[in-house]
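First the structure, in the form of structure tokens, and then the observations on it.
Read-outs: derived from the displayed coordinates by stated rules, not from any lab. The shown structure was predicted, so the numbers you read here are calculated from the model rather than taken from an experiment. Here the Cβ is made from the backbone with ideal geometry for all residues, glycine too, and neighbour counts use every protein chain on show.
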Amino acid sequence: AKFTWVDKDTCIACGACGATAPDIYDYDDEGLAEVIFNGDNNRGVTEIPEDMHDDMLDACDGCPTDSIRIADEPFDAE
Ligand code: F3S
């Protein structure tokens, strides 16, 4: 299983992740990325389906500030 969230403390609102994986990442009012998949609300507790993993990994690789976190276990981010 894969889980993901965005560290907004380091996100610079570059906009790449939402373009790469729009079903997983969107932006808040300040343009900072957050995980929106299935109402996750950037908590990193929602399992990302396997058919979305490629997009998720591409987004992670493409983030210039390495702000996208991915792990096999649920996070408990704010
Ligand atoms: Fe932010 Fe990285 Fe996405 S800087 S907007 S988390 S690609």
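Quick notes
- Residue in region 31-40 that is in contact with a His (Cβ under 7 Å, 6 or more places away or on another chain) and surrounded by 14 or more Cβ atoms within 10 Å (Cβ to Cβ) present: no
- Subset of region 15-49 that is within 14 Å of the ligand (Cβ to nearest atom) and of a type in the set (Gly, Ala, Ser) - its residue that is nearest to residue 69 (Cα to Cα): 44
- Members of region 30-45 that are in contact with a strand residue (DSSP E or B) (Cβ under 8 Å, 6 or more places away or on another chain) and either more than 17 Å from residue 15 (Cα to Cα) or in a loop (DSSP other than H, G, I, E, B) (or both): 32, 36, 40, 41, 42, 43, 44, 45
- Just so you know, in region 4-22 the residues that are in contact with a Phe, Trp or Tyr (Cβ under 6 Å, 6 or more places away or on another chain) and not small (Gly, Ala, Ser) include one that is nearest to residue 63 (Cα to Cα), and it is 17.
- Where residue 54 falls short, out of the listed (1) acidic (Asp, Glu); (2) more than 13 Å from the ligand (Cβ to nearest atom); (3) assigned to a loop (DSSP other than H, G, I, E, B): (3)
- Selected residue (only one of 48, 70, 12 is surrounded by fewer than 17 Cβ atoms within 10 Å (Cβ to Cβ) and either in contact with a helix residue (DSSP H, G or I) (Cβ under 9 Å, 6 or more places away or on another chain) or not in a loop (DSSP other than H, G, I, E, B) (or both)): 70
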